[in-house]
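So the structure is just underneath, and the comments pick up after that.
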Amino acid sequence: MNETKFDHGGAVREMVQRLGGEVDPSGVEIGRLVRMICNLYETRIDDALREQGLSGPRWGLLLRMFAEEQRGHTGGMSPTHLSRCQNVSKNTISSLIGGLEEQGLVQRELDRTDKRVFRIHLTEEARHLVHSTAPEHIAFLNMLASGLTGEERDQLIALLEKLVLSLRQET
């Protein structure tokens, strides 16, 4: 890793400590590192999925829909439900669905009982794509965390879940 890039955090940490006085600066540091990790993950995942013509968010949406089908939800999903599940805005989910629809991976159909609502369904091609790429993609995601031991990964997952709960309580 490029030490000069990572040392930038030390300079930021010192400045935040000066600005905050006696206030604990760890919240700023956590936010900075979470953003950095998110950006790095997104870049690496998008690079890995580019060959399939997908992005991380598109693959994640396909995986979510595949999992919902496996749990017996075969009637399609509303964009609103998908936006909540993926924790993205309705505009973002519409864009993701539109892109997947252009690729022939999802289909929209009007809800039979409420003609104002669309139901989104995976196509057979999407099911095949998720099934065939999942092992390689999951192995790739594990490789991204290979600098951590199994115990450290478990600890990190537990801490991140705790942070998510803390953030949800604040909203």
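Every number in this text was worked out from the coordinates using simple rules, so none of it is lab data. These numbers come from a predicted model, not from an experiment. All Cβ positions, even for glycine, are placed from backbone atoms using ideal geometry, and neighbour counts span all protein chains on display.
Would you say Arg153 is touching a Phe, Trp or Tyr at 6+ places or on another chain (Cβ under 9 Å), surrounded by 14 or more Cβ atoms within 10 Å (Cβ to Cβ) and among the basic types (Lys, Arg)? Please lay out each step first, then the result.
Numbers: touching a Phe, Trp or Tyr at 6+ places or on another chain (Cβ under 9 Å): no; surrounded by 14 or more Cβ atoms within 10 Å (Cβ to Cβ): yes; among the basic types (Lys, Arg): yes.
Spelling it out, it is not the case that Arg153 is touching a Phe, Trp or Tyr at 6+ places or on another chain (Cβ under 9 Å), surrounded by 14 or more Cβ atoms within 10 Å (Cβ to Cβ) and among the basic types (Lys, Arg).
Under 7 Å between Cβ atoms, which residue pairs at least 6 apart in sequence (or on different chains) link something in the stretch 134-150 that is farther than 18 Å from Ala67 by Cα with a partner that is in a helix (DSSP H, G or I)?
Phe140/Ala48; Leu144/Tyr41; Leu144/Arg44; Ala145/Arg153; Leu148/Leu156
For Ile97, all conditions in the list (1) within 22 Å of Asn142 (Cα to Cα); (2) within 18 Å of the chain's Cα centre (by Cα) hold save one; what is the number of the exception?
All conditions pass for Ile97, except number (1).
Against the definition (over 15 Å from Gly56 (Cβ atoms), in contact with a helix residue (DSSP H, G or I) (Cβ under 9 Å, 6 or more places away or on another chain) and hydroxyl-bearing (Ser, Thr, Tyr)), how does Ser132 come out, yes or no?
Working: over 15 Å from Gly56 (Cβ atoms): yes; in contact with a helix residue (DSSP H, G or I) (Cβ under 9 Å, 6 or more places away or on another chain): no; hydroxyl-bearing (Ser, Thr, Tyr): yes.
No.
Checking the condition of a type in the set (Lys, Arg), more than 23 Å from Val164 (Cα to Cα) and without any contact (Cβ under 8 Å) to a residue 12 or more places away in the chain, which residue from Arg84, Arg112, Arg108, Arg119 passes? Break it down into steps so the answer makes sense when it comes.
Values: Arg84 fails: more than 23 Å from Val164 (Cα to Cα); Arg108 fails: without any contact (Cβ under 8 Å) to a residue 12 or more places away in the chain; Arg119 fails: without any contact (Cβ under 8 Å) to a residue 12 or more places away in the chain.
When all the criteria are applied, what remains is Arg112.
Any residue in the stretch 13-33 that is closer than 22 Å to Leu163 by Cβ sitting within a Cβ distance under 7 Å of a residue that is of a type in the set (Ser, Thr, Tyr) and assigned to a helix (DSSP H, G or I)? List the pairs, counting only those 6 or more apart or interchain.
The qualifying pairs do not exist here.
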